Structures are given as C-alpha cells and as structure tokens.
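I have placed the structure first, in the form of structure tokens, so that the comments after it can refer back to it.
The values are calculated or read from the model by the stated rules, or taken from the named source; none is laboratory data. Predicted, not measured: the structure shown is a model, and the values here were computed from it. Counting neighbours? That spans all protein chains shown, and the Cβs are built from the backbone with ideal geometry, glycine included.
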Amino acid sequence: MRAHYVLIDYENVQPNDLALLDGQPHAVVLFVGAQQTKVPLDLAAALQSRGSLGRHVHISGNGRNALDFHIAYELGVLAAKDPSACFRVISKDAGFDPLIEHLRSKQLDVLRYESLAELLSPSEDQIAAVITRLVSMGPARPRRTKTLASTINAMFGKSLEEAAIQELIDALARRHEIAITDGKITYPVRKS
C-alpha cells in the first residue's frame with residue numbers, strides 16, 4: 001500500500017475536521033507559522049492521536065512565504081524518500097500550483113485541496129462518471145460494496161484515497177443510485 005501524506009498550511013487553513021482522516025493511513029504534517037502561538041486543543045489532540053502519523057512543524061522565522069517554503073522543502077524531502085507516495089497539500093494558496101504542476105510532470109502524485117473536506121468529497125463529475133460506468137455495465141454491475149470499491153478505484157487509475165472511494169459509494173446511496181444491505185448492492189430499475 002502506498003504511503004499518503006497530508007501537508008497542512010495552518011497559516012492559510014485552520015482545519016477543525018482532522019477527525020475526517022480517522023481510520024485512514026495518512027501521515028499528517030501541520031505547518032504552523034511563527035506568529036501562531038496557539039493551536040486549538042482539539043486539533044492538537046487529533047494530531048497527537050495519530051501517533052507516529054501525526055506531527056507539526058513550527059516555523060521559527062518570519063517572512064513572506066516562509067511557511068510555504070517549509071512545506072515545499074518537506075514535500076521535496078518526502079518525495080525523494082518515497083516517490084511512489086501520494087502527497088496532498090491543504091492550502092488555499094494557489095502559489096503552490098506551479099510547484100505541484102512541476103512535480104506532477106515528474107510523475108509524482110501531488111495535489112492541492114483547499115480543505116480536508118474537499119480532499120475527501122467526491123465531485124459531481126466523479127459521481128456522474130461512476131453512474132455512467134455502472135449503467136454501461138448492465139447486469140455485470142458490482143453486487144458487493146467491496147467489488148464496487150475496486151471498480152471505482154480502477155476507473156480513476158487507483159488515484160483516489162480509500163475515504164474518497166467510500167464517499168463516492170455513500171453519494172451513490174444518498175442519490176438512490178444504489179441500495180446497500182449487509183454489504184450487498186441492489187440497483188434501481190431504470191426506465192428506458
């Protein structure tokens with residue numbers, strides 16, 4: 001299984017939903033600016049509860065983009081150590097995009113999201129693509145959630161996090177595209 005790293009720009013995004021990553025094997029690195037002297041107790045506890053998969057980096061110096069340079073450095077160190085890993089930067093700062101584009105051109109799996117919820121939430125395009133695929137499969141559609149998860153994973157080139165795959169399955173159920181009972185899937189009858 002590939003390693004997953006989530007690098008959070010705490011100067012830019014103050015997540016209160018770190019628990020969204022509970023049960024996921026993501027290593028989380030929280031980057032805290034020099035002027036940020038307080039981190040909410042629940043965030044610190046959530047980070048600490050991740051054990052060796054959670055840590056923070058407190059930037060000691062000030063300066064324009066100082067924290068961003070620390071994230072870029074850490075991203076480079078981690079990518080050099082494990083180029084097959086998934087790297088997710090959580091920041092609203094689009095200044096990371098040229099670096100991410102460069103790293104992606106080097107075949108590294110790096111993406112930027114503006115929030116943890118966005119990282120784990122399926123897009124409308126993803127949901128529509130899965131529905132189209134399932135309809136095209138006809139009677140060969142997956143009959144178990146595990147098989148559906150494998151189908152979705154293959155559809156997206158094994159680029160989705162496990163939590164994102166589960167969110168897609170949950171979205172299909174909420175939209176009544178599937179019904180799940182004890183891990184078994186049934187599909188609605190579609191009118192021609």
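A few comments on the model shown:
- Evaluation of TYR5 against (1) under 15 Å from the mean Cα position of the chain (by Cα); (2) modelled with pLDDT under 90 (one fails), failing number: (2)
- Residue match in region 133-149 (condition: at pLDDT below 95, within 30 Å of ASP68 (Cα to Cα) and surrounded by 12 or more Cβ atoms within 10 Å (Cβ to Cβ)): no
- Positions within region 110-132 being touching a residue at least 60 places away in the same chain (Cβ under 8 Å) and surrounded by 14 or more Cβ atoms within 10 Å (Cβ to Cβ), in sequence order: GLU114, SER115, LEU116, LEU119, LEU120
One line per residue, one yes/no per condition, for (1) assigned by TED's automatic domain parsing to the domain that holds ALA163; (2) at pLDDT 95 or above; (3) among the hydroxyl-bearing types (Ser, Thr, Tyr):
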| position | (1), (2), (3) |
| --- | --- |
| ASN12 | no, no, no |
| ALA19 | no, no, no |
| ALA45 | no, no, no |
| SER60 | no, no, yes |
| LEU75 | no, yes, no |
| CYS86 | no, no, no |
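- Qualifying residues in region 56-79 (those that are more than 20 Å from SER115 (Cα to Cα) and free of Cβ contacts under 8 Å to residues at least 24 places away in the same chain) - the one surrounded by the most Cβ atoms within 10 Å (Cβ to Cβ): GLY76
- Selection count, region 11-53, where residues are part of a loop (DSSP other than H, G, I, E, B), free of Cβ contacts under 8 Å to residues at least 40 places away in the same chain and touching a Phe, Trp or Tyr at 6+ places or on another chain (Cβ under 9 Å): 3
- Check on ILE100, surrounded by 13 or more Cβ atoms within 10 Å (Cβ to Cβ), among the β-branched types (Val, Ile, Thr) and more than 16 Å from SER159 (Cα to Cα): no
- Strands (runs of 3 or more DSSP E) within region 54-149 that include 1 or more residues of a type in the set (Phe, Trp, Tyr): 86-90, 109-113
- Any hit, region 80-92, residues being in contact with a helix residue (DSSP H, G or I) (Cβ under 9 Å, 6 or more places away or on another chain), farther than 24 Å from ALA164 by Cα and without any contact (Cβ under 8 Å) to a residue 40 or more places away in the chain: no
- Residue check: SER91 meets all listed conditions (1) more than 21 Å from LEU78 (Cα to Cα); (2) buried (at least 17 other Cβ atoms within 10 Å of the Cβ); (3) among the small types (Gly, Ala, Ser) but one, namely (1).
- Some residue of region 161-172 being in a helix (DSSP H, G or I), charged (D, E, K, R) and under 24 Å from TYR5 (Cβ atoms): yes
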